[in-house]
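Participant: Quick one: this structure, given as structure tokens, is what I'll be asking you about.
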Amino acid sequence: MTETTFAVEGMTCQHCVKSVTEEVSALDGVTAVQVDLASGALTITSTGDLDPADVRAAVDEAGYQLTA
């Protein structure tokens, strides 16, 4: 298992957290998603390395942005 953390900006409520979680969970290989609303941290557990472009696209689809 691989754990990767990203920073997401623009989330303000639990609906935001739910949207990001749903989109990122749909990526191939993702086994768990944890979002910390206060810090904007998105921690993804997966069966292997994830392509950051895929994560960025999923977060964009949810209506938010990865920082950096």
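Participant: Would you check which residues across the stretch 33-68 are modelled with pLDDT of 95 or more, surrounded by 13 or more Cβ atoms within 10 Å (Cβ to Cβ) and hydrophobic (A, V, I, L, M, F, W, C) and list them?
Facilitator: VAL33, VAL35, LEU37, ALA41, LEU42, ILE44, VAL55, ALA57, ALA58, VAL59, ALA62, LEU66
Participant: For the subset of the stretch 50-68 comprising residues that are among the hydrophobic types (A, V, I, L, M, F, W, C) and in contact (Cβ under 8 Å) with a residue 40 or more places away in the chain, which member is farthest from THR31 (Cα to Cα)?
Facilitator: This residue is ALA68.
Participant: Across the stretch 23-48, what is the number of residues that are over 8 Å from the mean Cα position of the chain (by Cα), of a type in the set (Asp, Glu) and within 20 Å of THR67 (Cβ to Cβ)?
Facilitator: 1
Participant: Out of all the residues in the stretch 23-32, which are farther than 9 Å from SER46 by Cβ and surrounded by fewer than 13 Cβ atoms within 10 Å (Cβ to Cβ)?
Facilitator: ALA26
Participant: Would you point out the residue of the stretch 4-22, among those that are within 10 Å of the chain's Cα centre (by Cα) and surrounded by 16 or more Cβ atoms within 10 Å (Cβ to Cβ), that is nearest to THR67 (Cα to Cα)?
Facilitator: VAL8
The values are calculated or read from the model by the stated rules, or taken from the named source; none is laboratory data. Note that this is a predicted model, so its numbers are computed, not measured. Positions of Cβ are backbone-derived with ideal geometry, glycine not excepted, and every protein chain shown enters the neighbour counts.
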